[in-house]
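Let me begin by presenting the structure, written as structure tokens, before commenting on it.
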Amino acid sequence: METSWEEVAPGVLRVRLPGWDETVGAIAGADGVLMVDAGPARATAAGLAGQLRALLGAPVTRVAITHPHFDHILGLAAFPSAEAYGAAGLGAHLAGGGREALVADAARHGADERAAAADAPALTRVWHEVDGRLAVELGAGRRAVLTDLGAAHSPHDLAVLVRGGDGAPPVVFCGDLVEESGEPQAGPDAAPARWPAALDRLLALGGPDARYVPGHGAVVDAAFVLAQREALARRFDASS
């Protein structure tokens, strides 16, 4: 797997994976790496973890999942001992048929169904669920702020904010609440009427100067997120 990590801010990286162009992020801590999303498969995530150890000199010790779609979560199987974070209700969602739905969705999108079925049981684990906001101390003065944005693109959307440091602007990992490389996708589990309000909360979290890392596509600014918010409001006839 050939990937090229992009430094969004000092100690904050992201990569766009081949295939579905999904983002995986990484935030360096004092003794470990917080990965943001885990990609579509155990094998993919294990390869990324090896690259991050070489780049940042530390293992992946925490993983934050921005939303429960196969291309962002199934790679969590590569990290059985890592602390896993997700939006409130994510554990119950996965236990109540969500894992099986992920496998079926992976197969529909051309992923290896047998590999997906092998990875999905690892999602039954202890989850640190975020209800509102949760500050995760990473050491060396670095903190990630995880925010539950409710149902919008998915039933359980989470954003991750980290201060850039060294004068760099903040960085917000948006998951698929923001997409740059194509039209935002609203599948059967989306709550389209709530999406614009979720983007309002995302913009309040990051502010006007942040760098916003979408679930798919290039890093964008607050003006792009606001324009996408207005387009979604028109598309879904959502006034707020």
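Here is a yes/no grid of residues against (1) surrounded by fewer than 23 Cβ atoms within 10 Å (Cβ to Cβ); (2) under 20 Å from Ala152 (Cα atoms); (3) of a type outside the set (Lys, Arg); (4) more than 18 Å from the chain's Cα centre (by Cα):
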| site | (1), (2), (3), (4) |
| --- | --- |
| Ala45 | no, no, yes, no |
| Leu52 | yes, no, yes, no |
| Ala64 | no, yes, yes, no |
| Phe70 | no, yes, yes, no |
| Ala88 | yes, yes, yes, no |
| His93 | yes, yes, yes, no |
| Glu100 | yes, no, yes, yes |
| Val103 | yes, no, yes, yes |
| Ala111 | yes, no, yes, yes |
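Please determine, by comparing only the residues of segment 1-28 that are acidic (Asp, Glu) and in contact with a Pro (Cβ under 8 Å, 6 or more places away or on another chain), which one is nearest to Glu180 (Cα to Cα). Steps first, please.
So in segment 1-28, the residues acidic (Asp, Glu) come out as 2, 6-7, 21-22.
Subsequent filtering for residues that are in contact with a Pro (Cβ under 8 Å, 6 or more places away or on another chain) retains 2, 22.
Details: Glu2: 22, Glu22: 11 Å.
The selected residue is Glu22.
Out of Ala238, Ala198, Ala233, which single residue is touching a residue at least 24 places away in the same chain (Cβ under 8 Å), surrounded by 17 or more Cβ atoms within 10 Å (Cβ to Cβ) and more than 27 Å from Leu17 (Cα to Cα)? Give the derivation first.
Working: Ala238 fails: surrounded by 17 or more Cβ atoms within 10 Å (Cβ to Cβ); Ala198 fails: more than 27 Å from Leu17 (Cα to Cα).
Step by step, each of Ala238, Ala198, Ala233 is checked, and only Ala233 is touching a residue at least 24 places away in the same chain (Cβ under 8 Å), surrounded by 17 or more Cβ atoms within 10 Å (Cβ to Cβ) and more than 27 Å from Leu17 (Cα to Cα).
Kindly evaluate Asp31 against the criterion of being touching a Pro at 6+ places or on another chain (Cβ under 6 Å), at negative phi and not small (Gly, Ala, Ser).
Numbers: touching a Pro at 6+ places or on another chain (Cβ under 6 Å): no; at negative phi: yes; not small (Gly, Ala, Ser): yes.
Here the answer is no, as Asp31 does not meet what is asked.
Take the residues in segment 128-140 that are of a type in the set (D, E, K, R) and either farther than 24 Å from Pro80 by Cα or part of a strand (DSSP E or B) (or both), then tell me which one is most open to solvent (accessible area, probe 1.4 Å).
Keep residues of segment 128-140 that are of a type in the set (D, E, K, R), which gives 129, 131, 133, 137.
If we keep only those that are either farther than 24 Å from Pro80 by Cα or part of a strand (DSSP E or B) (or both) too, we end up with 129, 133, 137.
Numbers: Glu129: 81, Arg133: 149, Glu137: 99 Å².
Looking at the filtered set, the residue picked out is Arg133.
Helices (runs of 4 or more DSSP H) wholly in segment 6-109 with at least 3 residues that are modelled with pLDDT of 95 or more, touching a His at 6+ places or on another chain (Cβ under 9 Å) and closer than 21 Å to Val160 by Cα - which ones?
On the way: elements: 42-56, 70-73, 90-93, 99-108.
Counting at least 3 such residues, we get 70-73.
Counting only residues that are among the small types (Gly, Ala, Ser) and closer than 16 Å to Thr61 by Cα, which one in segment 136-159 is farthest from the chain's Cα centre (by Cα)? First the steps, then the outcome.
If we filter segment 136-159 for residues that are among the small types (Gly, Ala, Ser), which is where we start, we get 139-141, 144, 150-152, 154, 159.
Now restrict to residues that are closer than 16 Å to Thr61 by Cα: 139-140, 144.
Values: Gly139: 21, Ala140: 23, Ala144: 13 Å.
Checked segment 136-159; the qualifying residue farthest from the chain's Cα centre (by Cα) is Ala140.
The values are calculated or read from the model by the stated rules, or taken from the named source; none is laboratory data. Predicted model, so just to flag it, every value in this text is computed and none were measured. FYI the Cβ positions are ideal-geometry reconstructions off the backbone, even for glycines, and counts take in every protein chain you see. Note: accessible area is taken over every heavy atom of the protein model, side chains too, but ligands, DNA and RNA are not part of it. Shrake-Rupley method; radii C 1.70, N 1.55, O 1.52, S 1.80 Å.
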